[in-house]
1. Near ALA57, within a Cβ-to-Cβ distance under 10 Å, what is the net charge of the other residues, with Lys and Arg +1 and Asp and Glu -1?
2. Which links in LYS66/LYS300; LYS120/LYS183; LYS184/LYS286; LYS169/LYS286; LYS3/LYS271; LYS130/LYS183 stretch past 25 Å when you go from one Cα to the other?
3. Take every DSSP beta bridge whose two residues both sit in the chain, then give the antiparallel share in percent to the nearest 5.
4. Using Cβ contacts closer than 10 Å as the measure, can you line up PHE229, PHE335, PHE91 from fewest to most?
5. What is the Cα radius of gyration of the chain over 2.2 N^0.38 Å, N being its residue count?
6. Through the Karplus equation 6.51 cos²θ - 1.76 cosθ + 1.60, θ set to phi - 60°, convert the phi angles of the stretch 226-241 into ³J(HN,Hα) values in whole Hz; use x for Gly and Pro.
7. In terms of modelled amide H atoms, which long-range or inter-chain residues lie less than 5 Å from the amide H of TRP294?
8. Have a look at TRP280, TRP302, TRP74 and tell me which one the Gaussian network model of the chain (Cα, springs below 10 Å) gives the largest fluctuation.
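Only the coordinates and a few stated rules stand behind these numbers; no lab work does. Being a predicted model, the structure only gives us computed values, none of them experimental. With ideal geometry, Cβ positions are generated from the backbone for all residues, glycine too; neighbour counts draw on all protein chains shown.
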Amino acid sequence: MKKKIEHPLAITMWDFSWLERRWPGAGYEDWDKALDELKDRGYDAVRIDVYPHLLAADPDKEWTLKPCWNQQIWGSPALNKVVVKNNLLKFMKICRDKNIQVGLSTWFREDIDDTRMNIKTPEYLGDIWKKTLDIIYDAGLQDTVLYVDFCNEYPLDVWAPWLHKAEGKDILRASTEGTLWMKKSIEYVRNFYPDLDYCFSVTSEYDTLDIQDVSFMDVLEPHVWMVHFGDFYDQVGYNFESFETIGYENLVENCERLYKSDPIKWQNQLKDGIEIIARWSEKTGKPLITTECWGIVDYKDWPLLNWDWIKELCEIGVKEAASKGVWVAIGTSNFCGPQFVGMWRDIEWHRRLTDIIHKSEIREWVK
């Protein structure tokens, strides 16, 4: 990485929740308070959605956003309105003052006009990121930037529908087209801002890592869960239902029972997956950042859903990743935010895990 990191950072993901969950009781009404609590738990960095497609189109406009889902508690479960530029700069200034670094990312949130679908070329994708960085640099906040993730979990259709429409077919990251979009857009922005670290975060196609070209990235951001590496969700009956209750009904009925029926099996699947990702880092010579991890993908405070087994799995994931020496920033889970009350309020758990992260070592070639 271009940014010098001597020991792994503890990082969390606040996605688009930082801006969209600001109604009373939603967790992010008071950024000073939320970021103080993050710092108190030992975290050094936060990855957020900076809405580059909306900033490039009109940085001062009030945008009306559609919900991604109503079953999850990331973001808003209903129609919402946001103004991006002034809020982004305010949030980043608070982060700067508290010595919290910011990973810039985007989930390409859908507004009522579906502005994201204007992305038709890699150069256009690069240009909206260039315009976003212009705003951040003009405000003197560039030193707060940890890295830039051009698209959350590329090339999943839920986050990059513009890619598949532009190409007229489903696109894999390992394909020629999928690679060119990444390479050309990063090269476009790097011409203007060569000192930043760039990547596309990923959560799929882990079976073809050996043939994927990531030579143009500065860092890799894989999202790594136990459920990637076995049939846990198949046995539970969970299929990422966004607006239907059946997914969580099956989680309540099956997930904890299944995990506790053979915890060593599921823990070993997680460890095996982390080893696969660590080998990818070693082979490519690219350091790792993971902000979404380690147990299961979707969870929340809910009747009959307990956090203890989730925290157990996540602690194993943190220790395993920290032992590899190739992660420069490590998340403790993808539930590390104030809206996940059952996870957030266990301050000592967070401090213990962030302490493990800080005390771990990075290999010399990674620094």
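1. On the way: positive: LYS61, ARG116, LYS131; negative: ASP58, ASP111, ASP113.
That sum, taken over residues with Cβ under 10 Å, equals 0.
2. Values: LYS66/LYS300 21 Å; LYS120/LYS183 15 Å; LYS184/LYS286 19 Å; LYS169/LYS286 30 Å; LYS3/LYS271 28 Å; LYS130/LYS183 15 Å.
Violating the 25 Å limit, Cα to Cα: LYS169/LYS286; LYS3/LYS271.
3. Numbers: 6 of 29 bridges.
Given both bridge residues lie in the chain, the antiparallel proportion sits at roughly 20 percent.
4. Details: PHE229 19, PHE335 26, PHE91 22.
Going from sparsest to densest Cβ surroundings: PHE229, PHE91, PHE335.
5. Its radius of gyration relative to the 2.2 N^0.38 Å reference: 0.93.
6. 3, 5, 5, 10, x, 10, 4, 5, 4, 5, 6, x, 10, 10, 6, 5
7. The list, which skips near neighbours in sequence, is ASN334.
8. TRP302
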